[in-house]
Amino acid sequence: MESTKGVNNYDYVDVTKALAIIIMVACHAGQPSTYFSNFIGWFHMPVFFFLSGFCFKEKYLDAPLEYLKRKVKGIWWPFFKYNLFFLLIHNLLVHYGIIGGNLFSISQSLKLLFSYLIMWHWDYTMLGGYWFIHDLFFATLVIYVLIKFLKKRVWIGIICGLAFCTLLKYFEIDLFRLINPRFFMVVSIMLAGYCFKFYKKPLILNSYGEICALLLLVACSFGRGVCLLNFRFCDILPYFILAIVGSLFLTSLGNRITRIDDTKSFQYIGKNTMAILTWHFLSFKLVTLLRINAEGLPLEELTSFPVIKGGYWWIAYLIVGIAVPLGISKLSNYANDVIRK
């Protein structure tokens, strides 16, 4: 979820990321449609990995240390600092009934701190979506090596990635939080995104392509939902294909939106997906507190995670889950500017 500012002037990349993060927050907010969840499950997280591969810059192939520095600063550092923040306030959140769970001792806190340093764990409550940041960081390192040595034959990497994914899923192997089916699926999706850089009109489907992609996604969304976190052995190839199709569909939709005169709001959201991913669960607590007061619910409901489901409250959760993190990001940027001066 790094900023794509200046990446090949593809403004629709940020707009697409905005659409994807809004969809993600809507799902976490408890939107009631199972069918909608099944539909977006094919692509709403893969599209971030897909676009990350698409935005890979070849100039860093000759500057590995600079590439690593950028990834540490843009991915590892936010991962660590926000986990540290929630670690520091964890006992306060538990004490005041904002989240459930037990208080952390000093020894537990130190162990967690070390695990955050090496990205072994993350805060599974407030930062439950940080599995994405974990996978993104290590996958960017893997695809760097593959692109450097395979060059234009990255399709070999895609095939190998899916093969490893298949083997690991079949034997149910999950080692070191990296040697697992999901991670190799992520690597394959990122390499696929990189491959699409070489088309004359990268990522953009024509009207017929959009219709076909939409119909395929709709047709495959009946029955059991599939996503990056729960795909089965028999889902591997279909999921990979539909993740790419869905990413292309959403990117084409993002391109259509960029034709509107003013897309600054979408672009701003797209440039602040990290902030939204980080703060939306905590922001939900504001709506939960409002609902408790409005409906006379017991205060213990404040620990409900991520939301209290039911009714149209999911719309309020969605709005607050986007707006509050954007406000926090705005204030943070302002504070940083003041400090630099």
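Here are some notes:
- Looking at region 199-278, the helices (runs of 4 or more DSSP H) lying wholly inside it that each contain 2 or more residues that are among the aliphatic types (A, V, I, L, M) sit at 207-219, 236-258.
- Per-region count, region 308-335, residues over 23 Å from Gly97 (Cα atoms) and assigned to a helix (DSSP H, G or I): 13
- Some residue of region 29-37 being part of a helix (DSSP H, G or I), at negative phi, of a type in the set (A, V, I, L, M, F, W, C) and touching a residue at least 12 places away in the same chain (Cβ under 8 Å): no
- Search result, residues across region 309-330 that are farther than 14 Å from Ile276 by Cα and either touching an Asp or Glu at 6+ places or on another chain (Cβ under 6 Å) or surrounded by fewer than 18 Cβ atoms within 10 Å (Cβ to Cβ) (or both): Lys309, Gly310, Gly311, Tyr312, Ile315
- Residues of region 284-307 satisfying the condition of being assigned to a loop (DSSP other than H, G, I, E, B) and either in contact (Cβ under 8 Å) with a residue 40 or more places away in the chain or exposed (fewer than 13 other Cβ atoms within 10 Å of the Cβ) (or both): Gly296, Pro298, Phe305, Pro306, Val307
- Matching entry among Tyr239, Tyr144, Tyr194 (being more than 21 Å from Leu61 (Cβ to Cβ) and of a type in the set (Ser, Thr, Tyr)): Tyr239
- Number of positions in region 151-176 that are among the aliphatic types (A, V, I, L, M) and touching a residue at least 12 places away in the same chain (Cβ under 8 Å): 4
- Helices (runs of 4 or more DSSP H) enclosed by region 63-180 - at least 1 residues per element that are over 30 Å from Phe196 (Cβ atoms) and of a type outside the set (Asp, Glu): 77-95, 106-117
- Considered as a group, the residues in region 225-278 that are exposed (fewer than 14 other Cβ atoms within 10 Å of the Cβ) and among the acidic types (Asp, Glu) include one that is nearest to Phe48 (Cα to Cα), and that residue is Asp262.
- Criterion violated by Leu84 - all others in (1) buried (at least 18 other Cβ atoms within 10 Å of the Cβ); (2) more than 21 Å from Ile322 (Cβ to Cβ); (3) under 24 Å from the mean Cα position of the chain (by Cα) satisfied: (1)
- From the list Val145, Val187, Val154, the lone residue that is touching a Gly at 6+ places or on another chain (Cβ under 7 Å) and either hydrophobic (A, V, I, L, M, F, W, C) or closer than 18 Å to Phe49 by Cβ (or both) is Val187.
Yes/no matrix, rows are residues, columns are (1) surrounded by 15 or more Cβ atoms within 10 Å (Cβ to Cβ); (2) more than 18 Å from the chain's Cα centre (by Cα); (3) among the small types (Gly, Ala, Ser):
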position: Tyr10; (1), (2), (3): yes, yes, no
position: Val15; (1), (2), (3): yes, no, no
position: Phe50; (1), (2), (3): yes, no, no
position: Ala63; (1), (2), (3): no, yes, yes
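- Of the numbered criteria (1) more than 27 Å from Ile22 (Cβ to Cβ); (2) surrounded by fewer than 19 Cβ atoms within 10 Å (Cβ to Cβ), the one Tyr124 fails is (1).
Values quoted throughout were computed directly from the atomic coordinates according to the rules given, and no laboratory measurement underlies them. Small disclaimer: the values here were computed from a predicted structure and weren't measured. So basically every Cβ, Gly included, is an ideal-geometry build from the backbone, and we count neighbours across all protein chains shown.
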